[in-house]
Amino acid sequence: MKKRSKYLLIFPLLLWLFLFLVLPYLFILTQSILATDDFGKVVYTLNFDSYIKIFTNPLYYETLTRTFIYAIIVALACIVLSLPLAYFIAFKVTKHKSFYYTLIVLPFWMSYIVRAYAWKIILGEQGVLNSFFMYSGVIKKPLSFILYSDFSVLLCLIYIFLPFVCIPIYTSFEQISKSLVEASKDLGANSWTTFRKIIFPLILPGVISGGTLALVLTLGDFLAASLLGGPNTLFISNIVQNLFGTSNDKPLGSAVGVVLLVLVFLLLEISSRYEKKHETQ
Amino acid sequence: MSKLELKGISKSFGSSLIVNNLDLEIQDGEFLTILGPSGCGKTTTLRMIAGFETPDKGQVLLNNQDISQLPPYKRNVNTVFQNYALFPHLNVEENIAFGLHQKKLSKSETNKRVDEMLELVQMEAFKTRKPFEMSGGQQQRVAIARAIAPDPEILLLDEPLGALDLKLRKQMQFELKQLHKDLNKTFVYVTHDQEEALTMSDRIAVMNQGIIEQLSDSQTLYNLPKTKFVAGFIGEANLILVQIENQKSFSFEAKTYEFEHKNIDKQGVLFIRPENVSFDAISEIAMKVTIEDVIFVGNHRKYKLVTASGQKIIKTEDSSVALTKIIGQSVTIYLSPNLIQIYNS
């Protein structure tokens, strides 16, 4: 094939990327260094106030930090839950493996919002959980703190992002040849040492990429906090949403978006460097 | 002293019996090969010695101690795997040191032992390579070094040369044999390659359908196979149908020959190697045959013979012997009683 026709084939993709990825980013980037007038209208003068605000006003930098902490908690919880689950399916299940695998992927078939609402039904004051505890006599009054709190938001996020973490970990487990486990035991390592020295290092790239995914997805999430969060549960994306909506400070909203984007890029870069370093083939 | 003994071990997977009440005694410092077709239970037997499988019945005795219920990491035996099974995230040095770390050797002892092992398999230059940066033959050397490093009482080798090309395989056969001599360790080797077994082993156990058909040295195994299966599995063999009246004789094409055997069936199979069929009158057992074809095969020539009743017999002779027979000629062949066997058909 001639060189020119090659470019012709890839052109639709490049156009798509330019229109729907590069252009919006450029737009956000430009808007983040503009100012607003008293009515919130964007004025075309160079202005870095938005960035200064992010790093001086506690509302912004604290929320950013808190969102990061939430994201780390979600990522770690997903990893901790995924490890035994993926290990079980990869090594212990001998029949109907695809059935178990489908069970993990199954939640993807439902919309995020439906699943978030399901947690409302489960955790609410009249919800499934409270009714069960009341019925079984464990509690006298329904627990009110479980819904509209950090707890319910994190629970929902962990539930939603679990498959994103579980699948790469499961895939790395699957790639480990059984004979490596046998070789380790043959050379005198018990099951725990084998897990630490052989299995875990081999699945680490999967753990990192799954964990990064959950981290990044949580950083950008605003639905869980707005549906299930309490008065103090605020994610950085909720603030962005607000800045573009009721607060009507588009430059500041864009600036927060840019900061978030840079952080996410950094995370992805670190993660992919790590994976490259630990290549085994 | 390390003596390994398998006593009446059996193992089934599902409803199929893979190893059937097997007895085997392996001497100290011996190179013993378990040879058999795929599915005969040889690998399962090896895995029961290593501890990857637990026998349903019977005992695995190492120095008179029953180790059959011990996990692999508590047995002083190491395995060289068919697919090498090198740890992909560790380099050569770390792979070899893995077993030494489990033995809690000091750092200097470990380094010394790793260097010794690298020298033994001539892989000093590859110390910091990762497995994926090496060829199959190099990986196999590292796998052998890794298995020997913790100084096991018995080294188990599960078709270790199966994945190598022919030339490299021949060279590694020679090196393994040399290694066995130098280390003075017990080797238990599993293969389906009869030539590999014959060239390397002190003794060979031929397995078929979960049992050992014959356990003997290469030469006995080749010249005097105990069962029809062994006769057919190893080398080329003439298997001639004969009639049996008693245990002192057999008859073939209405002629009775004196030969002591243990067979009791009415019909038997007479075994003789093609190179042991003679045109010279060396024995009382003589048969009339017609030469159907003579084929030149480099260092030897092959006669296709046919008896009056139509049974085919192959005879080979050195091509340095002058060719005096022609196709279609009737000749008499003589079978030495020391080199024939009679089995149930």
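Brief remarks on what is shown
- With the simple spin-label model, which puts each label point 7 Å out from Cα in the Cβ direction, the A:Lys178 to B:Leu323 separation comes to 5.4 nm.
- Each of the peptides A:214-223, A:230-239, A:86-95, B:66-75 was scored by the mean count of other Cβ atoms within 10 Å over its residues; in descending order, highest first, they stand as A:214-223, A:230-239, B:66-75, A:86-95.
- The stretch A:204-255-the stretch B:1-60 distance, computed between alpha-carbon centres (Å): 61 Å
- Rh by Kirkwood over Cα pairs, then Stokes-Einstein D for the protein assembly as shown at 1.002 mPa s and 20 °C, µm²/s: 68 µm²/s
- The mean number of partner chain beta-carbon atoms within 10 angstrom of a residue's beta-carbon across peptide B:80-91 is 5.
- Relative contact order of chain B: 16 percent, from C-alpha pairs under 8 Å at least 6 residues apart in sequence.
- A simple packing score, the average count of other Cβ atoms within 10 Å per residue, orders the peptides A:133-145, B:258-270, B:135-147 as B:135-147, B:258-270, A:133-145, with the highest score first.
- Semi-axis lengths, largest first, of the ellipsoid equivalent to the stretch B:160-214 are 20, 15, 8 Å, with √(5λ) applied to each eigenvalue of the Cα gyration tensor.
- Distance from the stretch A:153-187 to the stretch B:186-212 (C-alpha centre basis), Å: 39 Å
- Normalised contact order of the stretch A:62-280, rounded percent, pairs of Cα under 8 Å and 6 or more residues apart: 28 percent
- Annotation: A:Leu21 carries an accessible surface of approximately 80 Å², with a 1.4 Å probe and no ligand, DNA or RNA atoms counted.
- Around the amide H of B:Asn21, modelled in the peptide plane, lie the amide H atoms of B:Ser10, B:Lys11, all under 5 Å away and 5 or more residues distant in sequence or on another chain.
- Between the C-alpha center of the stretch B:98-167 and that of the stretch B:224-286 there is a gap of 48 Å.
- Cα pair distances exceeding 24 angstrom across the stretch B:236-344, given as percent: 22 percent
- Segment A:Ile73-A:Leu23, extension gain: residue separation times 0.36 nm, minus the distance between their alpha carbons: 14.7 nm
- With every protein chain in place and a 1.4 angstrom probe, the accessible-area ranking of B:Glu195, A:Glu182, largest first, reads B:Glu195, A:Glu182.
- Computed from the C-beta positions of B:Lys266 and A:Val105, the FRET efficiency with R₀ = 60 Å rounds to 0.35.
- Residues whose amide H lies under 5 Å from that of B:Ser216, counting only those 5 or more places away or on a different chain, are B:Ile204, B:Val206; hydrogens are built 1.01 Å from N in the peptide plane.
- Ignoring aspartates and glutamates fewer than eight residues from A:Lys97 along the same chain, the ones with Cα atoms less than 12 angstrom from its Cα are A:Glu174.
- Antiparallel beta bridges, as assigned by DSSP with both residues in the protein assembly as shown, represent about 75 percent of the total such bridges.
- Here the accessible area is traced with a 1.4 Å probe on the protein chains. For the stretch A:44-116, carbon and sulfur cover 73 percent of it.
- Taken one residue at a time, the phi angles of the stretch B:262-269 give Karplus couplings (6.51, -1.76, 1.60, θ = phi - 60°) of 10, 6, 10, 5, 5, 10, x, 10 Hz. Gly and Pro are set to x.
- Dividing the Cα radius of gyration of the stretch B:2-228 by its Kirkwood radius returns 0.97 for Rg/Rh.
- For the stretch B:99-185, size of Cβ-based charge dipole, Lys and Arg +1, Asp and Glu -1, in debye: 120 debye
- Inter-chain Cβ neighbour average for residues A:190-203, partner chain, 10 Å: 2
- From phi via Karplus (6.51, -1.76, 1.60), per-residue ³J(HN,Hα) for the stretch A:65-82 in Hz, x at Gly/Pro: 4, 5, 4, 4, 5, 4, 4, 5, 4, 4, 4, 5, 4, 4, 5, 4, 6, 6
- Those residues of the stretch A:174-197 whose amide nitrogen sits under 12 Å from the label point placed on B:Ala163, 7 Å along Cα→Cβ: A:177-180
- Residues in the stretch B:142-153 carry Karplus couplings, in order, of 5, 4, 5, 4, 5, 6, 7, 3, x, 6, x, 6 Hz; the curve used is 6.51 cos²θ - 1.76 cosθ + 1.60 with θ = phi - 60°, and Gly or Pro positions show x.
- Put simply, the amide H of B:Val277, placed in the peptide plane, has neighbours under 5 Å in B:Thr316, leaving out anything fewer than 5 places away on its chain.
- FRET E, pair A:Ile121, B:Leu70, Förster distance 45 Å, beta-carbon r, rounded to 0.05: 0.25
The values are calculated or read from the model by the stated rules, or taken from the named source; none is laboratory data. Here the structure is a predicted model, which means the values were calculated and not measured. In this analysis, Cβ positions are derived from the backbone assuming ideal geometry, glycine residues included, and neighbour counts consider all displayed protein chains. We work out accessible area using only protein heavy atoms, side chains counted, and drop any ligands, DNA or RNA first. Shrake-Rupley method; radii C 1.70, N 1.55, O 1.52, S 1.80 Å.
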